[in-house]
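Chemist: One structure, as structure tokens, below. Some questions next.
The values are calculated or read from the model by the stated rules, or taken from the named source; none is laboratory data. Because the structure is predicted, anything quoted here is derived from the model rather than measured. Every residue, glycine as well, gets a Cβ built from its backbone with ideal geometry; the counts of neighbours run over all protein chains shown. All accessible areas refer to the heavy atoms of the entire protein, side chains included, with ligands and DNA or RNA removed. Shrake-Rupley method; radii C 1.70, N 1.55, O 1.52, S 1.80 Å.
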Amino acid sequence: MNYDKLMATLKLDSSNFNDDEKHLLYNSYTRYRLLRQAKLHNNPKTNHFAQDFQNRLVTNIEANFRVFSYKEIFETKKTEDLLGAGVYLIYLKDKSGNVVLTYVGESKNIWVRWKTHLKDINPKTSTKRKRLYSKLKKLFREQKLNYENVQFVKIVDQSDANQRLFSEAYFIYNFKSPVINANNKNLNSRAACTSGHGRMASCLTYQIREKEVIPVVQFRCRNQECRIKFEIF
Ligand SMILES: [Zn+2]
């Protein structure tokens, strides 16, 4: 490995790093590049990596949050508000327990939003052209995966509409994968800078922390004054 080239790529001063640190930096940079490839491209060489992080994220969520089934939501009245406002995850596993579909959404009334999702999650009654529903149709057709096994979970409690859009984008970047994730957009175009600079843009990038390369999602306002970074999985 050419460490000098790596240092130049990362714009770091080689003299601040000993050999062990350079090695650690190289490993974390390699992991970042694999993760970036898995999140942004459908590549047979990195798709197993995407499968692994989707499974681990969902396992983590299942250990910490209450998961609702299709049936539970179906059997409640349309007007019920059981969860309030926030960010949610919809997911489906295949017969061997691998996560084959994820979708992140936000709403001021999650339960009511889930009720409206139900009709379109059913491939027989679905009318909307949305990636989530077409992916479900495909999984139903090709793998005989029942849409009634789709799971719903609220992952963030947030009443502020603008903050919800950033939380939603943060989770979209965590779950990002052209193979498994069904979100079309990253950051909603309504998301505004809290210092009043107007709209925000987002991207997947990295930062150096304690001599390691850490993958992050970066939110930046259009005049580039504000930049916020959050570590992602
Ligand atoms: Zn700003």
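Chemist: At 1.4 Å probe radius, can you tell me the per residue accessible area of segment 82-206 in Å²?
Modeler: That works out to 46 Å² for each residue.
Chemist: Which entries in the list Lys22/Lys93; Lys71/Lys135; Lys45/Lys108; Lys77/Lys124; Lys93/Lys124; Lys93/Lys115 go over 28 Å, if you measure between the two C-alpha atoms of each?
Modeler: Pairs exceeding the cut-off: Lys22/Lys93; Lys45/Lys108.
Chemist: To continue, here is another question. Given H placed on each backbone N at 1.01 Å, which residues far from Ile232 in sequence or on other chains put an amide H within less than 5 Å of it?
Modeler: Under 5 Å from the amide H of Ile232: Val216, Val217.
Chemist: Can you tell me the length gained on complete extension of the stretch Asp19 to Glu225, counting 0.36 nm per residue apart and subtracting the Cα distance?
Modeler: Value of the extension gain: 70.5 nm.
Chemist: If each of Asn146 and Leu34 carries a label point 7 Å out from its Cα toward its Cβ, how far apart are those two points in nm?
Modeler: Those two pseudo-labels are separated by 3.7 nm.
Chemist: Quick check on the chain: helices-only [θ] at 222 nm, where DSSP H runs of length 4 and up contribute -39,500 (n - 2.57) each and the sum goes over total residues. Nearest 500, please.
Modeler: -12500 deg cm²/dmol
Chemist: Roll a 1.4 Å probe over the protein heavy atoms and report the accessible area of Thr46 in Å², nearest 10.
Modeler: Rounded to the nearest 10, that gives 10 Å².
Chemist: Put +1 on the Cβ of each Lys and Arg and -1 on the Cβ of each Asp and Glu in the chain; which of Trp114, Tyr170, Ile208 then has its Cα farthest toward the positive end of the dipole?
Modeler: Sorting the options by dipole projection puts first Trp114.
Chemist: Additional query: In nm, what is the difference between 0.36 nm times the number of residues separating Lys5 and Lys130 and their Cα-Cα distance?
Modeler: 40.6 nm
Chemist: Please list, in chain and number order, the residues 5+ apart from Gly84 or on another chain whose amide H is under 5 Å from its amide H, with Hs placed from the backbone.
Modeler: Ile110, Trp111
Chemist: Let me ask something else about it. Spelling out what I want: for every residue of segment 220-229, take phi, set θ = phi - 60°, compute 6.51 cos²θ - 1.76 cosθ + 1.60 (Karplus), and round to whole Hz; glycine and proline get x.
Modeler: 9, 7, 4, 8, 6, 6, 10, 10, 10, 10
Chemist: Still on this structure, I have one more. Once phi is turned into θ = phi - 60°, what whole-Hz ³J(HN,Hα) does the Karplus curve with 6.51, -1.76 and 1.60 give for every residue of segment 204-209, x standing for Gly and Pro?
Modeler: After applying 6.51 cos²θ - 1.76 cosθ + 1.60, I find 8, 8, 9, 9, 9, 9 Hz.
Chemist: Pull up all non-local amide H partners of Val100: gap of 5 or more, or a different chain, and H-to-H distance under 5 Å with H placed in the peptide plane.
Modeler: Under 5 Å from the amide H of Val100: Leu92, Lys93, Asp94.
Chemist: Share of segment 13-231's accessible area from carbon and sulfur, percent, 1.4 Å?
Modeler: Percent of accessible area from carbon and sulfur atoms in segment 13-231: 46.
Chemist: Given the Cα-Cα distance of Phe65 and His48 and 0.36 nm per residue of separation, how much length would full extension add, in nm?
Modeler: Answer, rounded to one decimal: 3.5 nm.
Chemist: Next question. Per residue, how large is the accessible surface of segment 21-72? Use a 1.4 angstrom probe and give square angstrom.
Modeler: Per residue, segment 21-72 has 59 Å² of solvent-accessible surface.
Chemist: Okay, next question. With a 1.4 Å probe and all protein chains in place, put Thr102, Thr76, Thr127 in order of accessible area, largest first.
Modeler: Thr127, Thr76, Thr102
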